[in-house]
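What follows is calculated from the coordinates using simple rules that are stated; it is not laboratory data. What you see is a predicted model, and the numbers here were worked out from it, not measured in a lab. Using ideal geometry, Cβ is built from the backbone for each residue, glycine included, and neighbour counts are taken over all protein chains shown.
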Amino acid sequence: MISMLKVIADDREEGKGVIEALRRLKVEVEVKRLPVGDYLVSDEIVIERKTANDLINSIIDKRLFKQITYMRRYYSSPIFVLEGDLDSVLEVRLVKKQQVLGALASLALMGVPIVYTKNPDETGYVIYSMLKKVNARSKAASSTLPIKTKHIKIYKTIKDAQIGLLTALPGIGPSLANRILSVFGCPRKFFTAHPCELRKAGLGPQRVKKIVEVLDTKYPGIDTFLEESENS
């Protein structure tokens, strides 16, 4: 039985032509909201697709490098697809070509391959070709695992990041994290406070005990890391 090629597409890509092109190529497309990227080819390959106009907009509002940074952080093989005629778009946009080329050069230096396509059909075929190669490698390795989206938290503000940091501790939810920050002012003061001081934020003894245990317990892999560092 021939296994069908499958890709996960961000729901904001619907109606832009690429999903339709993939389906014409008999690719199974699952549409859902992706935290980063537009197309998830495998557990480690994610594609960000931008038209020439989208690229210019993302350079102006500084979204481009933030998006690419998250892609590189969570996926080992991020790929950037630039779709459309860049020169034609630059003729009607008040942006210098050197600025756009500089941004693309930065992506390349960040280790992100750039693929150029003329239209959604070509973009669809590029993704289709990647899927075929990934599928062939999986068969050779006798491992055809389903694509899994990763749980990625993207914080838009420092406050959100601070609350997210505290909620990683046992027994602390967003509401309690907000109260802790109101009492201590910043996460560092909370982390360096004496256990008795943690009671100021209304933390009970059992909760304090669990938090202190997480903060003070030696990381199990530290000895191996130190040995490898000494031998390198």
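A cut-off under 12 angstrom between Cβ atoms defines the neighbours of Phe191, and their net charge, with Lys, Arg +1 and Asp, Glu -1, is 0. Using +1 at the C-beta of Lys and Arg and -1 at the C-beta of Asp and Glu, which of Tyr116, Met130, Ile158 has the Cα lying farthest in the positive direction of the dipole of the chain? Value: Ile158. Take the chain and mark each of the GluC sites (Glu not before Pro) that is in a DSSP loop with at most 14 other Cβ atoms within 10 Å; the longest unmarked stretch, sites excluded, is 92-232. In the chain, the longest principal axis of the Cα atoms and the axis of helix 120-140 are about 60 degrees apart.
Values (i) 1.10; (ii) 1.33; (iii) 1.20 are given for comparison; Cα Rg over 2.2 N^0.38 Å, derived from the coordinates here, is the one labelled (ii). Placing +1 on the Cβ of every Lys and Arg and -1 on the Cβ of every Asp and Glu, with no other charges, gives the chain a dipole of roughly 720 debye about its Cα centre.
When the charge dipole of segment 1-126 is built from unit charges on Cβ atoms (+1 for Lys and Arg, -1 for Asp and Glu) and taken about the Cα centre, the candidate among Leu86, Val31, Gln67 whose Cα reaches farthest toward its positive end is Gln67. Segment 52-102 and segment 156-196 have Cα centres spaced 36 Å apart.
Quick one: of the DSSP bridges fully inside the chain, what percent are antiparallel, nearest 5?
Working: 4 of 20 bridges.
Restricted to the chain, the bridges split so that about 20 percent are antiparallel.
From its DSSP helices (H runs of at least four residues, each -39,500 (n - 2.57)), the chain gives a residue-normalised ellipticity at 222 nm of -14500 deg cm²/dmol. Can you give the angle from 0 to 90° between the axis of helix 64-74 and the longest principal axis of the chain, with both taken from C-alpha atoms, to the nearest 10? With both axes taken from Cα atoms, the answer is about 70 degrees. What is the total of Lys pairs in segment 1-149 with C-alpha atoms under 17 Å apart, excluding same-chain pairs fewer than 8 positions apart? Close lysine pairs found across segment 1-149: 18. If the segment from Glu28 to Glu91 were pulled out straight at 0.36 nm per residue, it would be longer than the present Cα-Cα gap by 18.9 nm. Approximating the spin labels as points 7 Å out from Cα along Cα→Cβ, the Asp11-to-Lys118 distance works out to 3.4 nm.
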